[in-house]
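See structure below.
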Amino acid sequence: MESPANVVEITDLVVSFSTDAGAVKAVDGVSLTVGRGEILAIVGESGSGKSVTAKTILGLLPETATARGAVILTSKDRASSTNVITLSKKKLRGIRGTDVSMVFQEPSTSLNPVYTVGWQIAEGLRAHGSYSRKEARAKAIEIMGKVGIPEPETRVNYYPHQFSGGQKQRIIIAMALVLDPGLIVADEPTTALDVTVQAEILDLLRRVRDEFGTAIVLITHNMGVVADLADRVAVMYQGKLVEEAPAQTLFSSPQADYTKRLLASVPYIGQGAAKTRERAEARAAETTASPVVVEAKGLRIEYPGRFGRSGFVAVDGIDFEIRAGEVLGLVGESGSGKTTTGRAIAGLTTVTGGSLSVLGMEMNGIKERNFKKVRSDIGFVFQDPASSFNPLLTIADCVAEPLVVHKRAANPHAARKRVDELLEAVQLPKAYGDRYPHELSGGQRQRASLARALALEPTLLIADEPTSALDVSVQARVLELFAELQKEFGFASLFISHDLAVVDLLADRIAVLYKGKLVEEGTGAEVLGAPKDPYTQRLLASLPVPDPAEQAKRREALRKLQATG
């Protein structure tokens with residue numbers, strides 16, 4: 001059964017889950033191979049079966065799952081091949097880490113907060129070999145250095161909270177690499193990261209392949225990441241493999257209708273330029289005549305320090321304005337101050353300096369009882385709708401909540417007619433109002449979140465990364481919906497995102513934040529077409545595009561930018 005050419009061979013894999021309503025088939029007859037040192041990307045929207053296929057390779061399926069077919073995993077030294085599906089739990093523990101490792105999507109939940117990262121990296125060594133404490137620590141320091149953690153000798157004693165998001169993902173990759181496996185399964189390894197950090201992690205994964213000779217199965221819904229990293233691409237839809245081809249071929253001439261639709265859903269820089277130019281020209285006169293809804297002058301927001309430490313300045317003297325009916329896109333990486341700015345406009349964060357006028361109210365020093373008058377004119381769409389909905393309430397009750405709180409309806413039942421109208425406005429059947437948040441998909445929850453934000457017909461809508469956790473096809477539908485609703489209701493909006501292509505599609509103007517300062521502002525054509533600030537140039541160059549040939553050029557351009565800056 002030895003397979004020297006491939007590190008894993010999947011044949012006719014079928015995975016079913018037992019539910020109260022009967023068996024649900026998540027993977028239906030999938031056959032795939034991964035060669036040594038090859039990067040295979042498995043793509044598809046939520047529910048396509050891509051993560052289930054990947055987790056089968058590690059034997060990580062839950063008790064409710066039944067798997068048929070074969071998943072033949074060959075060790076890196078080619079000495080042994082085993083069918084993962086037939087292995088006992090004890091034997092599975094033996095191959096995890098040594099033959100195959102996993103890099104999880106969310107590093108914060110994968111790392112134990114009470115142990116140092118050095119201890120957690122060494123844990124894999126202790127589980128699989130007779131390493132002394134000193135040897136395990138030395139190996140942990142060595143692997144941390146290899147994945148690009150600065151000062152590994154010192155930072156081996158740090159805890160997870162002392163690292164940034166990108167560094168935590170590097171620690172997870174170090175844990176996966178420490179036993180030198182032949183295969184790494186990376187499940188959405190860059191979804192929660194900024195484009196600049198994402199570019200670094202993609203470079204690291206490429207280096208892992210080249211230096212360690214490790215094959216990688218990459219699970220992602222970001223087609224730019226696929227174009228940047230993958231050698232071959234497998235496209236899944238509703239549990240089936242609909243297309244498989246080398247990356248260059250798949251992007252240049254996709255065969256399956258679903259693949260064509262998936263690629264057409266991907267937003268790219270310049271796509272929105274024509275649309276926003278038309279809008280800007282049509283509204284140039286009326287926008288300048290429109291009243292100012294939000295105006296910031298020298299806005300400063302500082303979080304107080306604790307235990308005698310000095311405070312942290314999140315927003316450092318920025319000026320901008322949003323006029324009635326206008327969409328301002330606010331972009332920047334984590335820690336740039338964009339969410340803090342949005343929260344200050346919504347009255348959720350205290351302004352500590354300068355001036356911030358929201359709907360005619362000065363926010364610096366405002367009392368809650370005074371702000372209450374305008375709170376109903378501000379809608380807020382949160383980044384993660386799953387955690388912003390009360391899981392004990394139905395969707396209808398969640399959407400009705402603002403109406404009840406602001407006394408526009410006596411109770412959720414009285415608000416139901418308005419709730420049904422709102423659900424239909426966001427293209428959700430009104431019957432979905434009787435479902436609970438966990439019974440909706442990510443895209444459906446985000447639509448319900450939009451419905452709730454629009455319940456009081458706000459003058460201003462703040463959208464904080466509303467599409468970052470969604471698949472490209474779902475994201476495209478939500479963005480179209482946002483644009484339609486903005487046109488229909490005419491609200492002004494602050495659209496916060498780290499995805500420049502998304503902002504390009506929607507925003508009339510774009511403001512770029514970096515370390516609390518506003519470094520650039522203008523139309524999409526000005527900021528994205530001819531960026532002046534070096535940071536904006538780096539941000540643009542870091543964004544992967546869904547075209548392998550073009551992406552290779554962009555990667556080279558980014559290297560040059562980083563070398564000069």
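May I ask for the distance between the Cα centers of the range 304-342 and the range 1-79, given as a whole number of Å?
What the calculation gives is 44 Å, centre to centre.
Over all Cα pairs of the chain, how is the pair count split among 10 Å bins, expressed in % and running from 0 up to the last occupied bin?
Bins of 10 Å from zero give 3, 16, 25, 26, 19, 9, 2, 0 percent of pairs.
Could you tell me the calculated FRET efficiency between F212 and R126, based on Cβ-Cβ distance and R0 = 30 angstrom, to the nearest 0.05?
Once the sixth-power term is evaluated, E becomes 0.90.
Using Cβ counts within 10 Å as a stand-in for footprinting exposure, how do F489, F163 rank, fewest first?
Listing F489, F163 from fewest to most nearby Cβ atoms yields F489, F163.
Taking the number of other C-beta atoms within 10 Å as the exposure measure, put D397, D316, D99 in order starting with the fewest.
Fewest to most other Cβ atoms nearby, the residues stand as D316, D397, D99.
Could you give the length gained on full extension between R93 and A256, defined as 0.36 nm per residue of separation minus the Cα-Cα distance, in nm? Walk me through the numbers on the way to the answer.
Values: separation 163, 0.36 × 163 = 58.68 nm, distance 3.82 nm.
Length difference between fully extended and current span is 54.9 nm.
Between Y115 and S80, 0.36 nm times their residue separation minus their Cα-Cα distance comes to what? The partial results should precede the final answer.
On the way: separation 35, 0.36 × 35 = 12.60 nm, distance 3.42 nm.
Here the answer is 9.2 nm.
For R133 and E153 in one chain, what is 0.36 nm times their gap in residues minus the Cα-Cα distance, to one decimal in nm?
Difference between extended and current length: 5.7 nm.
Does anything in the range 11-38 have its amide N under 19 Å from the 7 Å Cα→Cβ label point of T64, and if so which residues?
Zone members listed by number: 14-28.
Radius of gyration and Dmax for the range 50-194's Cα atoms, expressed in Å?
Rg, Dmax (Cα atoms, Å): 15.7, 47.
Given +1 on the Cβ of Lys and Arg, -1 on the Cβ of Asp and Glu, and no further charges, what dipole in debye does the chain carry about its Cα centre, rounded to the nearest 20? Kindly include the intermediate steps, with their values, before the conclusion.
Details: 66 positive and 67 negative charges, 271 e Å.
That gives the chain a dipole magnitude of about 1300 debye.
If I model the range 386-457 as equal point scatterers sitting on the Cα atoms and use the Debye formula, what is log10 I(q)/I(0) at q = 0.28 Å⁻¹?
Summing over Cα pairs of the range 386-457 leads to -1.41.
Along the principal axes of its C-alpha atoms, what lengths does the range 156-231 span, in descending order and rounded to whole Å?
Here the Cα extents, ordered largest to smallest, are 37, 28, 17 Å.
I want to verify the translational diffusion coefficient of the range 440-509 in µm²/s; compute it with Stokes-Einstein, Rh as the Kirkwood radius over Cα pairs, at 4 °C and 1.567 mPa s.
Diffusion coefficient, whole number: 105 µm²/s.
How fast does the range 1-90 diffuse by Stokes-Einstein, in µm²/s, taking the Kirkwood radius from C-alpha pairs at 20 °C and 1.002 mPa s?
Diffusion coefficient, whole number: 155 µm²/s.
Please compute the modelled spin-label separation between R418 and K367, points set 7 Å along Cα→Cβ, answer in nm with one decimal.
2.8 nm
Per DSSP H run of at least 4 residues, take -39500 (n - 2.57); add these up for the chain, divide by its residues and hand me the 222 nm value, nearest 500 deg cm²/dmol.
On the way: 23 runs with 227 residues, N = 565.
Computed ellipticity for the chain at 222 nm equals -11500 deg cm²/dmol.
Compute the distribution of all C-alpha to C-alpha distances in the range 107-180, in bins of 5 Å from 0, and list the percent of pairs in each, rounded to whole numbers.
In whole percents, the pair-distance histogram is 3, 19, 34, 27, 14, 3, 0.
Order 238-244, 507-513, 551-557, 298-304 from most to least packed using the mean count of other Cβ atoms within 10 Å.
Ranking, from highest mean packing down: 507-513, 238-244, 298-304, 551-557.
No lab work stands behind these numbers, since they all come straight from the coordinates. Since we're looking at a predicted model, the values are computed, not measured. Cβ sites come from the backbone with ideal geometry, for glycine too, and all protein chains shown count toward neighbours.
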